[in-house]
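Shown next, in structure tokens, is the structure this report addresses.
The values are calculated or read from the model by the stated rules, or taken from the named source; none is laboratory data. Computed from a predicted structure; not experimentally measured. Counting neighbours? That spans all protein chains shown, and the Cβs are built from the backbone with ideal geometry, glycine included. Each accessible area value is taken on the protein alone, full model and side chains, heavy atoms only, with ligands, DNA and RNA left out. Shrake-Rupley method; radii C 1.70, N 1.55, O 1.52, S 1.80 Å.
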Amino acid sequence: MNFYKSAALALDHLEKNQGSVKGSLAAAGIKSTPGEGKRILALVIETLKYKPTLLQLLLTVPLQSLEKPTFPKRSPRGSPSSQSLILVLLHDLLFSSKRKIEASDLWPPKQSIVKHQTRLKAELVKIQIKSGKSRITDLAKSSNASSEAIRYIRYNPNSGRSLPNLHNELSKLGFMKLDKPKYPLGEKEYFMDEHLGDVLLCFNGGVDWWNKSDWYDGGGVILQDKASCLPAKVLMWGWRGEEEGECIDATAAPGNKTSFVSALMDNKGKLHAFERSPNRYKTLTRMLEKAHCKNVVAQRADFLESDPESREYRKVTRILLDPSCSGSGIVNRLDYLLEDDVEESDSKTERLEKLASFQLQMILHAFKFQSAKRIVYSTCSIHPEEDERVVLSALQSKIAKENGWKLAPREQVIPTWDRRGRKEEMGGDEDLAQGVIRCLPEDRTNGFFVSCFIRDDPSGISIKSQISNVQKQKREEGKSSKNGKRPREEVESNIEDVTNERIEEEVDEQEQEQESQVTKEKTLAQLERNRRKKAAQKAKKRKVEE
């Protein structure tokens with residue numbers, strides 16, 4: 001029962017706020033074990049896929065009107081809306097593999113829906129026939145676009161198998177390799193990507209030939225979105241091999257980008273991979289083993305706690321930063337299923353500010369590595385607060401100026417990629433905007449952002465003084481209007497909170513440690529404000545109950 005209520009609460013949050021499905025679970029205050037979290041996440045995603053069909057079904061079988069005592073128009077405080085609860089329950093009854101609601105038969109919501117299941121199933125068949133679908137599952141919203149979608153498969157040379165052998169295997173399976181891109185692709189057609197053609201294969205979004213294939217099971221191919229491949233490619237531009245030095249992946253799990261960097265290093269030299277979460281670290285090590293990455297030194301540690309002056313990292317010349325972000329660009333988190341644009345809420349704005357502060361702190365820490373010459377910063381976000389604005393803040397930082405960090409020019413950042421940064425978000429500087437990459441779903445990828453910082457390179461782009469002054473003034477005004485904190489203080493007090501927003505699950509014990517650390521860092525003034533806020537909330541709650 002709590003499982004369905006949690007999923008419904010996440011749906012309610014998505015209805016009111018933009019953001020990733022995973023982020024909505026956290027924002028809605030849903031607490032669960034990692035296993036329960038995955039189950040809730042899966043139900044929310046699947047329900048969103050069938051949401052248009054379910055809403056159409058509710059027009060003919062208006063459960064909320066038929067079962068008013070169970071599904072009231074106004075739900076009690078802390079409870080999900082009746083519509084969202086109905087949607088998740090109908091999904092499991094009509095579309096799940098078991099075709100049943102997994103709750104006690106005595107639970108009123110289940111009783112209220114099951115009594116109408118004969119009519120519900122009959123009306124669903126009518127919708128299916130009218131839609132011209134051969135199967136009930138074809139009514140999923142994502143299925144309508146599956147033939148248009150592209151499934152990207154990355155060839156992994158670390159496996160010891162050759163690309164020609166992969167082409168031969170695909171030929172045996174009946175696939176035909178095309179000489180140039182084609183949209184939509186036939187089910188038995190594929191082509192090599194125009195930007196990453198040496199490793200990236202493009203297939204029809206509805207195929208799954210790799211299931212039970214030794215190429216996939218043995219790490220010969222890796223399922224990885226094109227946009228996710230770009231940061232590694234940009235990082236390793238002009239790589240001279242082991243003689244140049246070593247690399248770092250600062251936030252390595254689940255390991256797709258790490259394994260690609262490893263391959264671009266020819267599986268030689270040393271690649272330091274950081275991952276602070278115990279659960280995600282396990283995922284990382286499994287991925288590295290499967291991908292045959294012999295040059296990766298993985299450690300369960302926080303990159304921000306690493307010592308840039310340590311002898312261990314004195315040879316590091318390149319660093320990949322893909323820190324926690326809002327995940328607003330990940331289409332498989334179904335942000336695109338939100339039907340209406342919504343205005344930014346205060347909670348969303350505050351969260352983006354915290355994330356941006358954390359992201360900036362990661363870049364500034366990377367700037368301290370003495371031998372570093374190239375740093376790639378990327379996000380799976382489409383928000384300028386996490387993208388161009390973070391880059392500008394990094395460029396105007398004291399350490400960037402002192403150490404000579406500049407932005408890499410377009411020629412070093414996939415120059416053939418057409419969609420570049422937002423000029424208006426980079427102080428109107430066209431050169432800076434051209435130096436970064438933006439990806440959107442219309443590019444047949446997830447939403448993504450990629451930038452690259454370089455030094456000791458005459459081609460680097462410096463931030464103009466007038467841009468720096470304007471951006472600095474805006475940031476200081478924004479900080480003072482929020483709580484009067486200085487930027488550095490805001491960063492320090494937000495790092496632990498933001499870390500809790502990482503896209504993958506964190507264990508409860510770790511979250512408690514982080515919360516404890518944050519509490520220690522709060523000032524007496526902050527604690528006093530929190531006490532007043534809680535008292536006001538309690539008074540408001542009592543008033544509502546009366």
Filter result (at pLDDT below 90 and over 18 Å from residue 7 (Cβ atoms)) within the range 75-109 | 77
For residue 47, state whether it is assigned to a helix (DSSP H, G or I), without any contact (Cβ under 8 Å) to a residue 60 or more places away in the chain and exposed (fewer than 14 other Cβ atoms within 10 Å of the Cβ).
-> no
For the range 176-192 the number of residues that are surrounded by fewer than 19 Cβ atoms within 10 Å (Cβ to Cβ) and not in a strand (DSSP E or B) is 10
List the number of the failed condition for residue 243; all other conditions in (1) modelled with pLDDT under 95; (2) touching a strand residue (DSSP E or B) at 6+ places or on another chain (Cβ under 8 Å) hold.
-> (2)
The condition from (1) over 22 Å from the mean Cα position of the chain (by Cα); (2) surrounded by fewer than 23 Cβ atoms within 10 Å (Cβ to Cβ); (3) at pLDDT 95 or above that residue 458 misses is numbered (3)
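Determine if the range 196-206 includes at least one residue that is in a loop (DSSP other than H, G, I, E, B) and farther than 17 Å from residue 226 by Cβ.
yes
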Subset of the range 389-407 [of a type outside the set (Phe, Trp, Tyr) and free of Cβ contacts under 8 Å to residues at least 60 places away in the same chain] | 390, 394, 397, 398, 399, 400, 401, 402, 403, 404, 406, 407
Any residue in the range 335-353 that is within 21 Å of residue 424 (Cβ to Cβ), outside the structural domain of residue 149 (by TED's automatic domain parsing), at pLDDT 95 or above and buried (at least 21 other Cβ atoms within 10 Å of the Cβ)?
-> no
Got a number for residues in the range 417-452 being closer than 12 Å to residue 407 by Cβ, buried (at least 16 other Cβ atoms within 10 Å of the Cβ) and among the acidic types (Asp, Glu)?
-> 1
For the range 94-103, indicate whether the set of residues that are assigned to a helix (DSSP H, G or I) and surrounded by 14 or more Cβ atoms within 10 Å (Cβ to Cβ) is non-empty.
-> yes
Only one of 232, 250 is touching a His at 6+ places or on another chain (Cβ under 9 Å), under 30 Å from residue 324 (Cβ atoms) and among the small types (Gly, Ala, Ser); which?
-> 250
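May I ask you to verify whether residue 5 is open to solvent by 30 Å² or more (accessible area, probe 1.4 Å), assigned to a helix (DSSP H, G or I), closer than 30 Å to residue 278 by Cα and at pLDDT 90 or above?
Answer is yes for this residue.
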Those residues of the range 148-172 which are part of a helix (DSSP H, G or I) and open to solvent by 60 Å² or more (accessible area, probe 1.4 Å), in sequence order = 164, 165, 168, 171, 172
If you go through the range 127-135 one residue at a time, do you hit one that is over 30 Å from residue 442 (Cα atoms) and surrounded by fewer than 19 Cβ atoms within 10 Å (Cβ to Cβ)?
-> yes
Taking the range 229-263 as the search range and keeping residues that are part of a loop (DSSP other than H, G, I, E, B) and in contact with a helix residue (DSSP H, G or I) (Cβ under 6 Å, 6 or more places away or on another chain), which one is most open to solvent (accessible area, probe 1.4 Å)?
-> 237
Quick count over the range 374-404, residues being open to solvent by 10 Å² or more (accessible area, probe 1.4 Å) and not charged (D, E, K, R), is 10
